Amino acid sequence: MTENGLISLAEVYKDYFKIGAAVTVNDLVRLHGELLKKHFNSLTAENAMKFGEIHPSEDRFDFEKADKMMEFAKSNHLKMRGHTFVWHNQTSDWIFLDTNGKEASKELVIDRLRKHVEVICNRYKDIVYTWDVVNEAIEDKTGEQYRDTKWRRILGEDYIKTVFEIVKEQDDKAELVYNDYNNEQPEKLEKTYRMLEEMLHKGAPIDSVGIQAHWSIRDSNLMDDLKRAIERYASLGLKIQVTEMDVSMFEFEDKRKDILEPTTEMLYLQEQAYHNIFSVFREYKELVTSVTFWGISDRYTWKDNFPVRGRKDWPMLFDMKGEKKSSFEKIVDFI
Ligand code: G3I
């Protein structure tokens, strides 16, 4: 094995699964650019390929940022995850409105979606090995199965199947993913399982489940939940992708703002969490095809603004200087 300072995460995991990071265009240069080239073999656009960003009006696409990511990926031998076609967030309003400003018909929305998917797939499918086809369609509230979205209201109950079919028509080689958060937790797991079982039964071309993995250092039952979820989804013949991983220093309910740098206890709990989680990923390497982090280093993370706006968080494997944290060492110490 190479000396520790030379270890590449992607290299260590090359016989297990792809190692990815979500990026903005600013991450392609300087420190983050170097970390990407050294440790990762998969990129996800954090925002640049979402409907509202890449297709802001019916006759205008904005490919600039996604193209830069594609070029970076090509030059450095990385692949990309396509994120995301159908989501209730960051979606342009025009797709749901007809020329009179009224709600568009099902036929019109399907036609527009098909054209959108055709353009995006043709432009990026050489580099994209997997698409997040439908994102976050399951309702969090107890007792309700589906999130109430314009997509579902207009396209109807089987819209998830419809959307997967549309993407399959344009790219029949990529792994097609249903992606969601908290879907390892028992209640949402069962709802998701029911949805997937039904859609697969009806013939939807779904290959994988995306477990987003926005977790925290204090998540109890995570390992048991995660194992159960992987096994349950696999029982439907599906693969697993870990699509947006971060391990926050704060529990979701903890809204304190007085911690200005990670404590020794936090760093310790984080390295334990990363160690345990990656042991599970390795145990299920036949099922897990990629593990993507939702960022690169603690310098920049969406967690700095969620759930508390402006509160610094440190959820990644690399610190504010881009140095490896003890969490990094814990996930490569199995060799
Ligand atoms: O594009 C505007 C820009 O024009 C404006 O100047 C700026 C000022 O705030 O805002 C920019 O939009 C922001 C956008 O990110 C791009 O930077 C939005 O305010 C901000 O809300 C948005 O946040 C993104 C969030 O999705 C939106 O829901 C986060 O960066 C992104 O990390 C996050 O990613 C999602 C996944 O796609 C799906 N799963 C959950 C995950 C975390 O929420």
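Quick notes on this structure:
- Residues whose amide H lies under 5 Å from that of Ala104, counting only those 5 or more places away or on a different chain, are Leu97, Asp98; hydrogens are built 1.01 Å from N in the peptide plane.
- 0 to 90° range, to nearest 10: angle between helix 30-39 axis and the chain longest Cα axis: 90 degrees
- Between helix 159-170 and the chain: long-axis angle, C-alpha atoms, 0 to 90°, nearest 10: 80 degrees
- Mean residue ellipticity, 222 nm, helices only, the chain: the sum of -39500 (n - 2.57) across DSSP H runs of n ≥ 4, divided by residue count and rounded to 500, is -11000 deg cm²/dmol.
- Taking amide hydrogens as placed 1.01 Å from N in the peptide plane, the amide H of Ser290 sits under 5 Å from those of Lys18, Val242, each at least 5 positions away in sequence or on another chain.
- Using θ = phi - 60° and Karplus 6.51 cos²θ - 1.76 cosθ + 1.60, couplings along segment 197-207 (whole Hz; Gly, Pro as x): 4, 5, 5, 5, 4, 7, x, 5, x, 9, 9
- Over the C-alpha trace of the chain, radius of gyration and Dmax come out as 19.6, 65 angstrom.
- Look at where the Cα atoms of segment 272-333 and of segment 29-107 average out, and the two centres are 23 Å apart.
- Per atom type, the chain shows carbon and sulfur on 46% of its accessible surface, probed at 1.4 Å.
- Placing +1 on the Cβ of every Lys and Arg and -1 on the Cβ of every Asp and Glu, with no other charges, gives segment 19-70 a dipole of roughly 320 debye about its Cα centre.
- Of all DSSP beta bridges in segment 1-97, antiparallel share, percent nearest 5: 10 percent
- Net charge of Cβ neighbours under 15 Å - reference Glu71; Lys, Arg +1; Asp, Glu -1: +2
- Nearest-20 debye value, the chain charge dipole, Cβ charges on Lys, Arg, Asp, Glu: 440 debye
- Annotation for Phe63 and Arg194: the two label points, set 7 Å from Cα along the Cα-Cβ direction, are 4.3 nm apart.
- Remark: spin-label model distance Asn26-Lys255 equals 2.7 nm, labels positioned 7 Å along the Cα→Cβ axis.
- Amide H contacts of Lys79 (H built 1.01 Å from N, under 5 Å, at least 5 apart or other chain): Ser42, Leu43
- Phi angles across segment 291-305 convert, under the Karplus curve 6.51 cos²θ - 1.76 cosθ + 1.60 with θ = phi - 60°, into 3J(HN,Hα) values of 10, 10, 8, 8, x, 10, 10, 5, 4, 9, 8, 4, 5, 5, 10 Hz, Gly and Pro given as x.
- Residue order for Lys106, Lys330 - accessible surface, 1.4 angstrom probe, largest first: Lys106, Lys330
- In a reduced charge model with +1 at each Lys and Arg Cβ and -1 at each Asp and Glu Cβ, segment 96-168 shows a dipole moment near 240 debye about its Cα centre.
- Percent antiparallel among DSSP beta bridges (both partners in the chain, rounded to 5): 10 percent
- Solvent exposure of the chain, expressed per residue, is 44 Å² of accessible area, with all protein chains present and a 1.4 angstrom probe.
- HN-Hα J in Hz across segment 59-68 - Karplus 6.51, -1.76, 1.60, θ = phi - 60°, x for Gly and Pro: 9, 9, 9, 10, 8, 3, 5, 5, 5, 4
The values are calculated or read from the model by the stated rules, or taken from the named source; none is laboratory data. Predicted model only: the values in this text are computed from it and were never measured. Backbone-built Cβ (ideal geometry, glycine too); neighbour counts: all protein chains shown. The area values use the complete protein model at the heavy-atom level, side chains included, leaving out ligands, DNA and RNA. Shrake-Rupley method; radii C 1.70, N 1.55, O 1.52, S 1.80 Å.
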